[in-house]
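Where a number appears in this text, it was derived from the coordinates with a stated rule and is not lab data. Owing to the predicted nature of the structure, the values given are computational and were not obtained by experimental measurement.
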Amino acid sequence: VIRISLEVNGAACEGAVEPRMHLADFLRQQVGLTGTHLGCEQGVCGACTLLIDGQPMRSCLSYAVSCDGSRVQTIEGFDADALMAELREAFSVHHGLQCGFCTPAMLITARDIILRFGDADEAVIRRELSGNICRCTGYMGIVAAIRAVAKGRQPVSAGQPAPVVSKAAPLPKDKPTPVAAPKAVAMAAAPGGPELRQSITIAAPPADVWAALADITRVGGCLPGAVIDSVDGNDVRGHLTVKFGPIRARFAGEAKVERDETEMRGRIIGGGRDAHGGSSARGMVTYSLRPVESGMTAIDLAISYQLTGALAQFGRSELVADFAGRMATAFAQNLSAMLQGGGAAPAGTADINIVALGWSLLLARLRRLFGVQ
Ligand code: FES
Ligand code: FES
């Protein structure tokens, strides 16, 4: 059991949690805030969406321990929020709810859409709402309600924290003990997030691969969608364009590269932000080289990451693992081609179709179920 301190709806609270407890269970079971609903508990339905440090997040995918020091806002924390009051009224007027199960998360997402896009049109609203499922309404009323409130508004610049509520929802009695002040600790960066491990094989000996990896600009070009803008010693700046179905994100960011020449291993730590959509990603990649048969090289990769914003809805480990697997395969092919031909690696967008990903995962599960290879 681990003790955590965080701010919930403007009030400091502490709790003792198992490492595997997700934030939604912590809020519902220990803090007594049951407005955060749980539907699928695997990042698909969006019913558990709330704000962590001002960003919409899936609380079923966020471990409570990783929110230590964070600022959490649930639907109960918007009582004094004028924009939320307008949205509640509009949902009622436009029949944006029936059973109400999806409604807390819908309202939080709707508020985030209006803050980021201002006067959003129907296409933008539908696209941005695609991570929140409603089984009752058919979405017409929800979209109409958001459109009505969005009309004539200006966006609040991307990444700016959501306005702070002036009145905190009180914490229930006999629940986690409030403390004097919240710890001003940012959410843990990549370490502490999910971790993927995989190996790729390059058709060249280790010495050649190691030498090639030192040329960050060329190697960066082997990653689909990536462009290196500048290299200053160990500091690299660049951008990465990714497309997840309807969501297109262009992450601009920076990273630090460390290399251990004797052990032929290295580490890249960095992060980036999609200025348009407000998603952000932080990650750490460690890699090491080892020889394999016939003069080939295996690169063993460990990738840990955290996603926030709209792209966090695709943070399910299987989807991210599939995405990372495809990126790694393309990277290995491009790097091998570069080493063999010496030419520039092909550029392009990492255009990963989420529907195709869904099918590939479904087929993989069916194969496992029926023992088919
Ligand atoms: S409960 Fe469905 S996304 Fe979290
Ligand atoms: S109103 Fe019932 S799930 Fe949306």
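Key figures for this structure:
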| read-out | value |
| --- | --- |
| Karplus (6.51, -1.76, 1.60) ³J(HN,Hα), θ = phi - 60°, over the range 70-86, in Hz, Gly and Pro reported as x | 8, 10, 10, 10, 9, 4, 6, x, 10, 4, 9, 8, 5, 5, 5, 4, 5 |
| Under-5 Å amide H pairs with Ser70, H placed in peptide plane, nonlocal only | Glu7 |
| For the range 137-151, 3J(HN,Hα) per residue [Karplus equation, 6.51 cos²θ - 1.76 cosθ + 1.60, θ = phi - 60°, Hz, x = Gly/Pro] | 7, x, 6, 4, x, 5, 5, 4, 5, 5, 4, 5, 6, 6, 3 |
| Calculated from backbone phi, Karplus (6.51, -1.76, 1.60) coupling profile of the range 34-46 in Hz, x at Gly/Pro | 9, x, 7, 9, 10, x, 8, 6, 9, x, 9, 7, x |
| Added length on full extension, which subtracts the Cα-Cα distance from 0.36 nm per residue, Asp300 to Val231 | 22.4 nm |
| Pairwise centroid distance, computed over Cα atoms, of the range 257-272 with the range 109-131, Å | 39 |
| Full-stretch length increase - His95, Asp121 - with 0.36 nm per residue and alpha-carbon distance subtracted | 7.5 nm |
| Distance between the range 33-76 and the range 203-242 - C-alpha centres, whole angstrom | 35 |
| Per-q log10 I(q)/I(0), the range 66-117, q = 0.25, 0.32 Å⁻¹ (Debye; single scatterer per alpha-carbon; no solvent) | -1.05, -1.35 |
